[in-house]
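The values are calculated or read from the model by the stated rules, or taken from the named source; none is laboratory data. Treat the numbers as computed from the prediction; the structure is a model and nothing was measured. Here the Cβ is made from the backbone with ideal geometry for all residues, glycine too, and neighbour counts use every protein chain on show.
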Amino acid sequence: MSEQDDKKAFFSRRVDEHMHSLYSVAMRLTRNSADAEDLVAEAASRAWTSLDSLEDRERFRPWIFRILHNCYISDYRKKSVRPVEAVYDELASASDDSEIAVLLIQQPDDFLNWWANPEQEVINQLLGKDLHAAIDCLPEPFRVVVVLINVEGLSYDEAAEVLGVSPGTIRSRMNRGRTLLQKSLWQHAQDAGLISRCNTMESSS
Amino acid sequence: MTNKTDKPDQLDSDCLEAFDHLYAYLNGELKDPDAVAKIEHHLDHCRSCFSRAQIERELNARLKQSGNDTPPESLQNRLKKLIDNF
């Protein structure tokens, strides 16, 4: 087998291995299946042309995620017309983590009571599509961190490598992203009628 | 465990510090043993933060399960064709 064949076999194997993850991340970034498909194909194409720059083949996963993210930034982000909803503005723009913690703590009682009440089995009622819908509402910097770490299982260091930021920034975005996710889940649960189902369960018990 | 309630206004500075480290702790990214010991001690003694941590653990598990967007066959074919042509 020639060196080129060996390189192609490695690339093909690794792309195949990570195709689900790449597509899932692309879906959460673009929030559109056609764009997600184009984004993965574009990332694969760019990855192949720069494969020689991958010094450690064991680092293929963060390396190709970084290429995917860069493709998204350069070619797809401008197409996204969905605005950041006002409900997230104050959390997304808070200046530091302690401010985020205070904002989380100041969330309305009905939210906290619903969220923290084990009898309502909120978590168990959430389907994959509910989680996706809630994640899709997050502003991009927080959405991508939650997806890379909590959905795809990257470490903070790997996520920092993918996004070209420090691990400290990842940690901060994680705190903020998860706070926002709670708010998004609450909003989604209301829209999907989960809240009324919970209230029915509670009043009938 | 102390008798703190889940009422947000009863959270104190220890809770704020615990929140600051909570996700790193739950994600296995809190490397400093002293910081780990401190947050575990806090979670053992604060019902509110303990409950929040339990919820976040469950949400972590659900998020991990949720990442299963199946790539369409068209993408699989497209990538195969792309790589074949490299």
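Structure above, values below:
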item: Count of the range A:27-78 residues which are within 28 Å of A:Glu3 (Cα to Cα) and among the charged types (D, E, K, R); result: 10
item: Some residue of the range A:119-135 being at pLDDT 85 or above, crowded, with 18+ Cβ neighbours inside 10 Å and among the acidic types (Asp, Glu); result: no
item: Some residue of the range A:11-29 being of a type in the set (D, E, K, R) and touching a Lys or Arg at 6+ places or on another chain (Cβ under 7 Å); result: yes
item: Scope the range A:47-59; condition in contact with a helix residue (DSSP H, G or I) (Cβ under 8 Å, 6 or more places away or on another chain) and within 11 Å of chain B (Cβ to nearest Cβ); matching residues; result: A:Ala47, A:Trp48, A:Leu51
item: Residue satisfying all of: in the range B:41-86; among the aliphatic types (A, V, I, L, M) and within 16 Å of the chain's Cα centre (by Cα); nearest to B:Glu17 (Cα to Cα) among these; result: B:Leu43
item: Pairs where the first residue, in the range A:162-188, is touching a residue at least 60 places away in the same chain (Cβ under 8 Å) and farther than 21 Å from A:Ala134 by Cβ and the second is crowded, with 20+ Cβ neighbours inside 10 Å and aromatic (Phe, Trp, Tyr), C-beta under 8 Å, 6+ apart; result: A:Val162/A:Phe65
item: In the range B:57-86, residue surrounded by the most Cβ atoms within 10 Å (Cβ to Cβ) [restricted to those that are facing another protein chain (nearest Cβ under 7 Å) and of a type in the set (D, E, K, R)]; result: B:Asp69
